[in-house]
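Engineer: Provided herewith is a single structure, encoded as structure tokens, for subsequent inquiry.
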Amino acid sequence: MHPISRSAAFVAAVSCSLAIAQPQIDYSKLTIKTTDLGHGVYLLGWQGGDSLILVGDDGVLLVDTSVAPMGDKIVAAIAKVSSKPIKLIINTHAHADHFGANEALARGGAAIVAHVNLRERMAKGQRIAAFNQTVPPSPAAALPTITYAESMTLHFDGETIELFHPTNAHTDSDTLVHFERANVIHASGTFGGDGSYPFFDMSSGGSLAGTIAAEEKMLSLADANTRIQADEGDPASTASLRECHDALVTIRGRVQKLIDEGKSEDEAVAAKPTLDLDARFVRPGAFLTGDAFTRMAYQSLKSGVSSPAAR
Ligand SMILES: [Zn+2]
């Protein structure tokens, strides 16, 4: 392959959980799988920062714009279910697989809504140590035009969309998006795709305590039939969210006990505090193994980052 076209096709992976396992992804080969979730809500899945759309007479509301090289594919996938323009964009957090195509997708005049910390991170540029990634400042046209601090309610095509900011969860810029009529919640990065342990990016303000609080917030919004959308993978059930939440609480207790006993990080890992849970929460070949999750939990608890309950 010609070096130039190769560099255009291969972009450093920025997916919230794939980054370490797969440093490069050929986005030109990815396809988008569209799933109808009912009441005008669709999942656009591409194994990264998966998007949700709400389509209706008011136009298209888009949750997460994916990486820049996927922007055209997102547009094509939307065109298959709606001929209306994108009116409103929500970015769930400041990882580039969730805002990368903002500029292109907002060009038609869409407003971009996000947590205030996300706009700040995009405007300043970021060094994301967890992904060994430097993200340059975003151009003005890509920045959110509407920001909020704690919560916000949007009304679009007869749907009520509630936005909630969980503090220090997957990052410090997360938005949980609840479509009330469709009974769907986008979890930002606070819930692991395909039922795996969730990744929290401590280099971007994330924490174990905040991730647990975010999951508690979603459980408070959900009923037995709610679909919970993670970063990637098919929508999950409330029961699997509860299972994940309970496992995180168990692990937090065990790792905190090891810390209280004066164990080092390596000693805590050697104690295998996740052993009975790994079969359920570690996907084959995933970078987020029980040991890796124990290290994250240890570092997060040791750092003392705690989170008030998400409002
Ligand atoms: Zn992320």
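The values are calculated or read from the model by the stated rules, or taken from the named source; none is laboratory data. None of the values given here were measured: they were computed from a predicted structure. Please note: Cβ atoms are built from the backbone with ideal geometry, for glycine as well, and neighbour counts cover all protein chains shown. Each accessible area value is taken on the protein alone, full model and side chains, heavy atoms only, with ligands, DNA and RNA left out. Shrake-Rupley method; radii C 1.70, N 1.55, O 1.52, S 1.80 Å.
Engineer: Using unit Cβ charges (K, R positive; D, E negative) and no other charged atoms, how large, in debye to the nearest 20, is the dipole of the chain about its Cα centre?
Structural biologist: Working: 26 positive and 35 negative charges, 115 e Å.
For this selection, approximately 560 debye.
Engineer: Per DSSP H run of at least 4 residues, take -39500 (n - 2.57); add these up for the chain, divide by its residues and hand me the 222 nm value, nearest 500 deg cm²/dmol. Can you show the working numbers first?
Structural biologist: Details: 10 runs with 99 residues, N = 311.
Roughly -9500 deg cm²/dmol at 222 nm, from the helical runs in the chain.
Engineer: With every protein chain kept in place and ligands, DNA and RNA left out, what is the accessible area per residue of the stretch 101-259? Probe 1.4 Å, answer in Å².
Structural biologist: Working: 5520 Å² over 159 residues.
Accessible surface, normalised per residue, equals 35 Å².
Engineer: With a sphere of radius 12 Å drawn around the Cβ of T238, what net charge do the other residues whose Cβ falls strictly inside it have (Lys, Arg +1; Asp, Glu -1)?
Structural biologist: Details: positive: R227, R242; negative: E215, D223, E243.
With Lys, Arg at +1 and Asp, Glu at -1, the neighbours total -1.
Engineer: Next question, about the same structure. Let me spell out the model: positive unit charges on the Cβ of Lys and Arg, negative unit charges on the Cβ of Asp and Glu, origin at the Cα centre of the stretch 199-311. What dipole size does that give, in debye rounded to 20?
Structural biologist: On the way: 13 positive and 17 negative charges, 41 e Å.
Taking the Cα centre of the stretch 199-311 as origin, the dipole is about 200 debye.
Engineer: While we're here: Looking at the chain only, what percent of DSSP beta bridges run antiparallel? Nearest 5 please.
Structural biologist: 75
Engineer: Please tell me the relative contact order of the chain in percent, rounded to the nearest whole number, where contacts are Cα pairs under 8 Å and at least six residues apart.
Structural biologist: Working: 677 pairs, mean separation 43.1, N = 311.
Relative contact order of the chain: 14 percent.
Engineer: How large is the convex hull of the C-alpha atoms of the stretch 33-162 per residue, in Å³?
Structural biologist: Details: hull volume 13.5 nm³, N = 130.
Measuring per residue, one finds 104 Å³ for the Cα hull of the stretch 33-162.
Engineer: How big is D, in µm² s⁻¹, for the chain by Stokes-Einstein at 10 °C and 1.306 mPa s if Rh is the Kirkwood radius over C-alpha pairs? The partial results should precede the final answer.
Structural biologist: Working: Rh = 19.5 Å.
For these conditions, the coefficient is 82 µm²/s.
Engineer: Please report, in Å, the Rg and the Dmax of the stretch 187-300, where both are computed over Cα atoms only.
Structural biologist: Rg then Dmax for the stretch 187-300, in Å: 13.7, 43.
Engineer: Give a quick list of trypsin sites (Lys or Arg not before Pro) in the stretch 55-123 that DSSP marks as loop, anything other than H, G, I, E or B, with at most 14 other Cβ atoms within 10 Å.
Structural biologist: Details: sites: K73, K80, K87, R107, R119, R121; in loops: R107.
Sites meeting the loop and neighbour criteria: R107.
Engineer: For the stretch 41-67 and the stretch 242-311, what is the centre-to-centre distance using only Cα atoms, to the nearest Å?
Structural biologist: Each part's Cα centre sits 32 Å from the other's.
Engineer: Compute the semi-axes of the equivalent ellipsoid of the stretch 71-230, taking the square root of 5 times each eigenvalue of the Cα gyration tensor, and list them largest first in whole Å.
Structural biologist: Values: eigenvalues 102, 94, 40 Å².
The three semi-axes for the stretch 71-230 are 23, 22, 14 Å.
Engineer: Computing the accessible area with a 1.4 Å probe over protein heavy atoms, can you report the carbon and sulfur percentage for the chain? Numbers along the way, then the final one.
Structural biologist: Details: 6620 of 12450 Å².
Answer for the chain is 53 percent, counting heavy atoms of protein chains only.
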